Amino acid sequence: MKKIKLVSTLMVVGLLLLLSACGTSKTGSSEKKTLRVVTDAAYAPFEYQEKGKVVGFDVDFVNAVAKEAGYNVNIEHVGWDPIFVEIEKKTADFAVSAITITPERQQSYDFTVPYFLSKNEILVPKGSSIKSAKDLEGKKVAVQNGTTGQEVVEKLFGKNNPNIKKFKNNNLAILELKNGGADAVVADNTVIETYVKNNPKDNFEFIEDDTAFSKEFYGLLLPKDSKLKPELDKAVKTVIENGTYAKIYKKWFGVEPDTQTLKDQQ
Ligand code: ARG
């Protein structure tokens, strides 16, 4: 009799434990906050639209970071200039868009620790006389307005030089080159090289110039003094440290990332 009583008590205790475990896990996940993340999904392979969905390296990366930090995310394409308005007004929690960490932007916004190494590069039709950044002088160059691509060309040409043709997104800048309205495009190396590879019929090639263009690092863009920064910093570091970053990087680029350069920059 005693034994039966003990067994049934244990069963009740076990059942209660089980129920309470279910309870916590359930409220845990339903209480996960959803963050509003904004992007300019016209920058393959980082962010672009496929069948109405925003996809790309940045999307996979942010999903991993959010999971690590315990958030759900809703990534919405709003366009490049609107990103900065949304973050300034705090209508979005953060932005991902291959955004270079620059001292000017740091005056008005916060960034997480770096997650990607980049550099500007030149896109030209094959056989172009342009072989370096210096050769761009006197030529029409298409850039995405408000990017570091525009900045580096302004450095070469002077700020309001009419040969700098500015576009709302990078795809429009490339279209201008295709249509003969520009002699070159300057944008981030990974984007340019992906375009060349995926569009062989366009007969474009890319030109690197390490003397004219310097290293840049991407960060997630946050409102100034955002409380999310420490949490996201920690999650970015973990994702880079625990191999998740390398997995995503290999999926998109087929090679191992140089995580040491990123870590050195943290
Ligand atoms: N990395 C460059 C910058 O921050 C270009 C980024 C453009 N990104 C985009 N999704 N259109 O200025």
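Throughout, read-outs are computed from the coordinates displayed, never taken from laboratory work. As the structure is a computational prediction, the values presented were derived from the model and not from experiment. In this analysis, Cβ positions are derived from the backbone assuming ideal geometry, glycine residues included, and neighbour counts consider all displayed protein chains.
Brief remarks on what is shown
- Selected from 85, 152, 54 as most flexible by GNM, with the chain as the system and alpha-carbon contacts under 10 Å: 85
- Difference of contour (0.36 nm per residue) and Cα-Cα distance, residue 159 to residue 102: 18.7 nm
- Note on residue 179 and residue 126: the extension gain reaches 17.6 nm, defined as 0.36 nm multiplied by sequence separation minus the Cα-Cα distance.
- The chain, helix-only ellipticity at 222 nm - DSSP H runs n ≥ 4, -39,500 (n - 2.57), divided by all residues, nearest 500: -13500 deg cm²/dmol
- Relative contact order (%) - the chain, alpha-carbon pairs under 8 angstrom, separation at least six: 25
- Long-range amide H partners of residue 165 with built H, under 5 Å: 141, 142, 143
- Computed from backbone phi, the HN-Hα couplings of the range 92-98 come to 10, 7, 7, 10, 10, 5, 6 Hz, rounded to whole numbers (Karplus: 6.51 cos²θ - 1.76 cosθ + 1.60, θ = phi - 60°; Gly and Pro given as x).
- Shape analysis of the chain places it in the prolate category; the axes a ≥ b ≥ c from the Cα gyration tensor give an a/c of at least 1.5, with a/b above b/c.
- The 3J(HN,Hα) values that the Karplus relation (6.51, -1.76, 1.60; θ = phi - 60°) gives for the range 104-110 are, in residue order, 5, 5, 5, 6, 10, 9, 9 Hz. Gly and Pro appear as x.
- The range 160-266: C-alpha gyration tensor shape, a/c 1.5 cut-off, then a/b vs b/c: prolate
- Rough spin-label spacing in nm, given labels placed 7 Å along Cα→Cβ, for residue 50 and residue 201: 2.0
- Global form of the range 120-207, assessed from the alpha-carbon gyration tensor, a/c cut-off 1.5: prolate
- For the range 27-87, the relative contact order works out to 42 percent when only alpha carbon pairs closer than 8 Å and six or more residues apart are counted.
- Each residue of the range 130-138 is assigned a 3J(HN,Hα), and the resulting list reads 7, 10, 7, 4, 4, 5, 6, 4, x Hz, derived from the Karplus form 6.51 cos²θ - 1.76 cosθ + 1.60 (θ = phi - 60°), x at Gly and Pro.
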